[in-house]
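Asks: Below is one structure. I have some questions about it.
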Amino acid sequence: MINVVYLGTPQIAVNALNKLINFNDINMVYVITPNDKPQGRGYKMCAPCVKQAALKNNLKVLQTDCIRKDREIIETLKNANIDFFITFAFGQILSQEILDIPKYGTINLHASLLPKYRGANPIQRAILNGDETTGITTMITSLGLDEGDICQTEEIKIEKDMGLLALSQKISDKAPFLLYKTIKGIYTKTLTPQKQSDDKNLISYANKCSKEDMVLNFNQTTDEFYNKIRAFDCCGNAYFCFNNKKIKVTVATPTQTNQENPAGKIIGISQNGVTITTKDNAITLKRIKPEGKCEMDAYCWINGARLKVGDFITND
């Protein structure tokens, strides 16, 4: 049996955990995840998604918000005869002391084709940049930011209308099988990790997305506008401001127009959506969520706001 400890936090890491424990030669010794946090209006304590999945499978769970300083957990792991640590969207920095614990090393699954998009938000950055392909990489974790030796990669196509939720699911579906192949390859010595390219033209960084990244602006191109909607479709939604209120856009489609108009002009209103010009073309808003209100059709919102064709939505 191969003794494994799994370190992960959000929903995207759940599928890999569920699949890995079903391989007959994998023994999941522990699952490590952050502490429960208060969430929602009632500040009810909520467990990380990975913890919830682990408990459903009767796995032993260890929780910490700073593993490199948690002496109790470190000593527990040192005494557990571990072959591999597996990290997937864990969100905490590991010390060299921790990396030295497993016999065969720590394998991290990163949601890009390294060395492209090292860092915190590779999936969203790929969508924001309008990439047509991305991928997943298993690597040997080192102290540098996603600089470890590459074990295996798999390319993933990004469909034109694919948002963060759909792309994350696709990555989640493929992740466990690439992880298992990597574990087995290293364990049986049939896989030799390769150093990452040090070509600066190939290296890029996916910095953590900020609130500013979520702001929509009709002076952006249609692709830029649409990519922002896709990139934040399951984590708060991109928005523009109107009358000092946030208007989140949940569903929209790029639209061709032969008209030459300044950005932000309403050029079409129907029950199918509201079409507004951008820097280079137009975008049709279909579903929106005004601040303090429920999600609704853009047609209902535009009528309630008493806007008509020819009016402008300025970027407040």
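Asks: Taking only protein heavy atoms and a 1.4 Å probe, what accessible area per residue, in Å², does the stretch 99-241 have with all protein chains in place?
Replies: 47 Å²
Asks: Order ARG71, ARG41, ARG230 by their accessible area, 1.4 angstrom probe, all chains in place, largest first.
Replies: Ranking ARG71, ARG41, ARG230 by accessible area, largest first, yields ARG41, ARG71, ARG230.
Asks: Related question: Leaving out ligands, DNA and RNA but keeping every protein chain, what accessible area does CYS209 have, in Å² rounded to the nearest 10, with a 1.4 Å probe?
Replies: 30 Å²
Asks: How large is the translational diffusion coefficient of the chain in µm² per second when you combine the Kirkwood radius over alpha carbon pairs with Stokes-Einstein at 20 °C and 1.002 mPa s?
Replies: Result for D is 99 µm²/s.
Asks: Roughly how many percent of the accessible protein surface of the chain is carbon and sulfur, given a 1.4 Å probe and a whole-percent answer?
Replies: Answer for the chain: carbon and sulfur cover 47 percent of the accessible area.
Asks: Among bridges DSSP assigns within the chain, what percent are antiparallel (round to 5)?
Replies: Of all bridge pairs located within the chain, approximately 65 percent are antiparallel.
Asks: Can you list residues whose amide H is under 5 Å from GLY148's amide H, if they're 5+ apart or on another chain and H is modeled 1.01 Å from N?
Replies: SER142
Asks: Right, something else. Please give the charge dipole size of the stretch 196-316, origin at the Cα centre, charges +1 on K and R Cβ atoms and -1 on D and E Cβ atoms. Round to the nearest 20 debye.
Replies: 500 debye
Asks: Please find, in a Gaussian network model of the chain (springs between Cα atoms separated by less than 10 Å), the residue of ILE123, ILE93, ILE183 whose mean-square fluctuation is greatest.
Replies: Checking each option, the largest mean-square fluctuation is seen for ILE93.
Asks: Out of the DSSP beta bridges found with both residues in the stretch 1-132, what percent are antiparallel (nearest 5)?
Replies: 15 percent
Asks: Specify whether the C-alpha gyration tensor of the stretch 165-316 places it in the rounded, prolate or oblate class, a ≥ b ≥ c being the square roots of the eigenvalues: rounded for a/c under 1.5, otherwise prolate if a/b is larger than b/c and oblate if not.
Replies: In terms of gyration-tensor shape, prolate.
Asks: In addition: Sum -39500 (n - 2.57) across every DSSP H segment of at least 4 residues in the chain, then divide by the residue count to get the 222 nm mean residue ellipticity, nearest 500.
Replies: -7000 deg cm²/dmol
The values are calculated or read from the model by the stated rules, or taken from the named source; none is laboratory data. As the structure is a computational prediction, the values presented were derived from the model and not from experiment. So basically every Cβ, Gly included, is an ideal-geometry build from the backbone, and we count neighbours across all protein chains shown. All accessible areas refer to the heavy atoms of the entire protein, side chains included, with ligands and DNA or RNA removed. Shrake-Rupley method; radii C 1.70, N 1.55, O 1.52, S 1.80 Å.
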